[in-house]
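Below is one structure; the comments refer to it alone.
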Amino acid sequence: MDRSAQTIALVVAAGSGSRMGGDLPKQYRQLAGKSVLAHAIDHLAAAGVGHIQVVIGPDQEALYHAAVGDHDLPSPILGGALRQHSVRRGLDMLASQGGAGNVLIHDAARPFLPKEVVARLLTALTTSQAAAPVLAIADTLARAGAALGDAVPRDGLVRVQTPQAFHFEAILDAHRRWQSGEATDDAQVARAAGLEVAAVPGDAILEKLTYEEDFVRAEARLATHLTTRTGTGFDVHAFCAGDEIRLGGIRIPHGRGLSGHSDADVLLHAVTDALLGAVAEGDIGDHFPPSDPQWRGAASALFVEHARSLVEARLGRIDHVDVTIICEEPKIGPHRLAMRQSLAALLRVPVGRVSIKATTTERLGFTGRGEGVAVQAVATVRLPETI
C-alpha cells in the first residue's frame, strides 16, 4: 500500500501511570464506561484519521485488548523504558511497513481530542515540517521550595499539548538522531534536529489525565455534556420450513425456521432499528437494503455492530437496551440469559444493561395464531450535546 500521502496516528500508551497510583495504568482505566485509550482512539477516528497505531508497554497485551475491544486496529507495537524509546520503536515499525506522509503522535492520556485541533495541525503541515498545539499560561508562575519564591515572567511561555504533527520522514530522522536521553515530547526531539515547530491553538479539553482529581473532573465533564436519546425498533418475521431459528444471535432448535433476506434474526433487526433511531440514522433498510444480494443470508450481528459503530463514531455510549419478544413459540425462558450475553457482547456493554422479556398476545393476531415472531426494542444512548 502506498502511504506517501496518508496521515497515520501513533498513540503512545506504554506508560505505567506511576503518578496516578494503583496497579492499573491510567490509559486502561474506565472513563464513562470506556477505557481512556478507547476514548483517544475514537476521537482520532472521528477527526478523520483512518490509520491508528498504538504503542503499549511490556506485559500490557491483555490490558490493551480488553481496553480496545473489537476496534479494527493493527497489532500493538511494544514500546521501551522511556517515552522516546516507545515513539522511536513505533516510527521504525511504521517505516518498515511503508511509512506515511504525515504522522500525529498522541498521548493516550489525553483522551478528548477536538477534530478542529487535528485540522489546524494538518493545515500547519502544508507549510511546516512539524506542528504542536499550545495554550497560553494564565496563572502566575513562581519558583517554589519550602516557601514560595520569586515570580517567573510568563511572557512568551505556553503549555504544549499533543497530538503533535510531523512530516513522517522528518520526525523519523529526528528520533534516530536523538541521543539526549528522555524527551518530554516529540517537539523537543524535532527542535533538536533543527526542525521548526509551528504552534497552533490547542484546547483546554486536551489536558492530560495525570492525577486522580483529573479523572473526577473528566467524569463530571462527560456527564454534563451528554444528552439522552431514545430509539425504538419493531420487526416481524414469519415462520417457514426449517428446524431452528436465530434470536439475539443464538440458535434455538425449533420445528420451523424464520423467513427473511438475511438470517432472519428478528430480535437483532429490532435492536438495530432502535439504535439507528437513537442517532437519527434512518432504519435498517437504508443501510442494508433487502434488494441487495450481498445481505442474503448475512449474519444479523453485522447490522447491530454497524449501528453500534454509528453511536461510537458520535462519541456516544449505549446505556440500556430493552427487548420484548412477542410469540407463542418457542419458549424464550431457557435461552434468555444466552441471548442477553450475546447481545451485550455485540453492543460492548455489561449484560446488566440488556433486558430481554417475552410475552404472548393471548392467541390473538398473527403471533397468537403461531404464524411468526415479533420483537419490540428500545435503546437508550447518550451523545455529546453538540451532535
task: Let me know the charge dipole size of region 303-387 about its Cα centre in debye, to the nearest 20, where only the beta-carbon of Lys, Arg (+1) and Asp, Glu (-1) is charged.
output: 220 debye
task: Work out, step by step, the length gained on full extension between Ser291 and Ala147: first 0.36 nm times the residue separation, then minus their alpha carbon distance; give nm to one decimal.
output: 44.3 nm
field: Hits among lysines - C-alpha to C-alpha of Lys26 under 22 Å, sequence gap 8 or more where chains match
entry: Lys34, Lys208
task: For each of Ser262, Ser75, count neighbouring Cβ atoms within 10 Å of the residue's Cβ, then give the residues from fewest to most.
output: Ser75, Ser262
task: Mind giving me the FRET efficiency for Ala238 and Ala280? R0 is 45 Å, r the Cβ-Cβ distance, nearest 0.05 is fine.
output: 0.90
- prompt: What length, rounded to one decimal in nm, is gained on full extension from Thr228 through to Arg159, with 0.36 nm per residue of separation minus their alpha-carbon distance?
  reply: 21.4 nm
task: Give the shape of region 178-221 as rounded, prolate or oblate, defined through the alpha-carbon gyration tensor: a ≥ b ≥ c are the square roots of its eigenvalues, a/c under 1.5 means rounded, and otherwise the shape is prolate if a/b is larger than b/c and oblate if not.
output: oblate
Restricting region 121-213 to GluC sites (Glu not before Pro) in coil, as DSSP defines it, with at most 14 other Cβ within 10 Å: Glu182, Glu196
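Evaluate 2.2 N^0.38 Å with N set to the residue count of region 7-224, then give the Cα radius of gyration divided by it.
Numbers: Rg = 17.2 Å, N = 218, 2.2 N^0.38 = 17.0 Å.
Scaled against compact globular proteins, the figure is 1.01.
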field: Distance (nanometres) between label positions extended 7 Å along Cα→Cβ at Ala345 and Ser309
entry: 1.9 nm
task: Return the long-range amide H neighbours of Leu247 (sequence gap of 5 or more, or a different chain), with a cut-off of under 5 Å between placed amide H atoms.
output: Ile252
- prompt: Highest mean first, what order results for 357-365, 228-236 on Cβ atoms within 10 Å?
  reply: 228-236, 357-365
task: Treat each spin label as a single point 7 Å out from the Cα along the C-beta direction, and report the Leu135 to Glu169 distance in nm.
output: 3.6 nm
Neighbour-count order for Phe366, Phe303, Phe288, fewest beta carbons within 10 angstrom listed first: Phe366, Phe288, Phe303
field: Sorted by Cβ density within 10 Å, fewest first, the residues Lys26, Lys331, Lys34
entry: Lys331, Lys34, Lys26
In nm, spacing of pseudo-spin labels at Ala338 and Arg177 (7 Å Cα→C-beta vector): 6.3 nm
task: Any chance you could tell me what percent of the C-alpha pair distances in the chain go past 35 Å?
output: 39 percent
statement: Quick calc, Thr359 & Ala32: beta-carbon distance into FRET formula, R0 22 Å, rounding 0.05, result 0.05
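Throughout, read-outs are computed from the coordinates displayed, never taken from laboratory work. Just so you know, these numbers come straight off a predicted model, no measurement behind them. Cβ: placed from backbone, ideal geometry, glycine included. Neighbour counts: every protein chain shown.
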